[in-house]
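Comments concern the structure below.
The values are calculated or read from the model by the stated rules, or taken from the named source; none is laboratory data. The shown structure was predicted, so the numbers you read here are calculated from the model rather than taken from an experiment. Cβ placement follows ideal geometry from the backbone for every residue including glycine, while neighbour counts extend to all protein chains displayed.
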Amino acid sequence: MKRQHMMDTKSPLRIAIIDDEIAPDLASLGCRIEKVSIVTNHFPEGNCNTHISHSTVVAKILQAYTKPFIHYSITNYIVALNDRHSFGLDTLLKALRECALLRPHIVIMSIGSTMPSDASLLYPLCEALTSDGTIIVAATSNDNVFTFPASFENVIAVRYCHNNDAPITVCTRDFLGTNFSVSYNRSELARLIGIDTLPSNSFAVPVIAAEIINGYFQFSSLSALDIVRILTKINKYPYCETSYSSSSMHDSECPLIIKISGNNIIQHIPRIIKVLKHKYDLEAVCLTPKANDIAHQFYCVCKEDIDTFFANKLYARIRSDILFIIEMEYEKHDIEINLQTNTVLFTIAEGIYKHQYNITPNILEEIIADKIILLNCLYGEQ
């Protein structure tokens with residue numbers, strides 16, 4: 001059960017922005033801003049006096065769309081020196097841990113990771129925050145691929161769309177888990193915030209965060225899905241069934257497809273995926289007809305949709321080198337693995353290669369991962 005943040009309606013909301021540094025001479029936000037540097041050897045206000053930073057734009061959009069009588073403070077967790085400076089996963093994890101100490105009402109993340117293997121590390125920290133009553137609003141990648149934490153079910157995911165029928169629409173049946181699509185006029189936004197910037201998913205996030213702030217006391221302690229539902233009902237947002245252009249996927253290389261079945265396979269797959277990442281630096285996920293468990297790299301695809309999934313190249317929406325398939329039939333798989341009590345049967349290239357291995361239980365997952373790499377090297381081009 002979530003704990004509610006106890007505060008009276010006159011107290012300012014605590015907002016955390018995980019991003020680069022808000023520029024001190026450009027912010028003029030009329031609210032208290034505290035800065036916490038997560039970047040090693042970085043001292044706040046040392047690098048951005050003349051630069052319109054990514055987080056400055058985010059903060060100004062938040063101010064422009066928040067009702068003027070609502071008070072909030074901002075804690076700026078600095079994870080990058082500027083919007084052209086990459087940040088590591090460790091830095092992002094540390095920022096989320098610092099956030100948990102603050103217990104903010106809302107966390108704004110116009111950043112994230114598109115690596116599926118990062119999900120298992122990010123999810124517990126996001127779950128800890130949301131279980132404590134914090135609302136996380138995050139951007140999906142501008143490349144329209146699964147993004148973490150945005151794609152988690154306990155996070156409100158936002159993207160920009162230039163051709164929405166309304167300024168804000170609710171996404172239904174969205175493969176990436178996006179909840180809201182935001183459309184705004186570039187020149188109108190520049191007039192509001194005094195900065196001309198290209199539209200992006202990042203700058204759609206504070207629009208939705210402001211909507212939540214404007215009605216916060218109706219949303220505190222609710223789940224992400226409940227917040228989406230209530231926001232939609234209050235503001236009468238229209239619905240849209242999200243579709244993504246396939247033009248960017250024409251040249252997408254299909255990952256290695258492995259059909260896998262057998263005893264306790266659900267328990268073994270996360271360990272096999274972990275070995276593939278740690279030993280071979282390969283990203284792997286599993287397609288399942290059951291519910292999403294993205295934190296453990298299980299992605300839901302209905303049995304009747306599996307052929308469409310590949311025909312429409314939706315695999316390009318997951319940055320993965322290997323796709324495991326369980327409990328579904330797909331004829332064009334590259335390798336088939338059947339796990340039995342003490343043996344594993346490998347079949348490749350429509351029976352060109354068949355071999356059964358006796359497996360030692362304590363190294364089962366490592367042996368399977370090794371054989372996958374070996375067989376792909378030997379027969380992958382056939």
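Mind listing just one residue for me: the one in region 143-163 that is more than 12 Å from the chain's Cα centre (by Cα) and buried (at least 17 other Cβ atoms within 10 Å of the Cβ) and, of those, farthest from ASP132 (Cα to Cα)? Restricting to residues being more than 12 Å from the chain's Cα centre (by Cα) and buried (at least 17 other Cβ atoms within 10 Å of the Cβ), the top hit is CYS161.
Close contacts from region 318-345, counting a first residue that is within 13 Å of LEU364 (Cβ to Cβ) and a second that is charged (D, E, K, R), with Cβ to Cβ under 8 Å and a gap of 6+ residues or different chains, come to ILE337/LYS259; VAL344/LYS371. From the list ASP293, ASP305, ASP334, which residue is of a type in the set (Asp, Glu) and buried (at least 18 other Cβ atoms within 10 Å of the Cβ)? Within the list ASP293, ASP305, ASP334, the selection yields ASP334. Contact annotation: residue pairs with Cβ atoms under 6 Å, 6 or more positions apart or on different chains, pairing a residue in region 151-171 that is over 19 Å from ALA210 (Cα atoms) and in the same structural domain as ASP226 (by TED's automatic domain parsing) with a partner that is of a type outside the set (Gly, Ala, Ser) and part of a loop (DSSP other than H, G, I, E, B), are SER151/LEU176. Would you check which residues across region 51-66 are part of a loop (DSSP other than H, G, I, E, B), surrounded by 20 or more Cβ atoms within 10 Å (Cβ to Cβ) and free of Cβ contacts under 8 Å to residues at least 60 places away in the same chain and list them? Residue satisfying the conditions is SER53 alone. Of the helices (runs of 4 or more DSSP H) entirely within region 125-235, those holding at least 2 residues that are among the β-branched types (Val, Ile, Thr) and closer than 17 Å to LYS60 by Cα occupy 201-214.
Selection of region 325-382 for residues being of a type in the set (D, E, K, R), over 15 Å from ILE272 (Cβ atoms) and either under 34 Å from the mean Cα position of the chain (by Cα) or modelled with pLDDT of 90 or more (or both) yields GLU327, GLU329, GLU331, LYS332, ASP334, GLU381. For region 356-369, the set of residues classified as of a type outside the set (Val, Ile, Thr), part of a helix (DSSP H, G or I) and without any contact (Cβ under 8 Å) to a residue 60 or more places away in the chain consists of PRO361, ASN362, listed by residue number.
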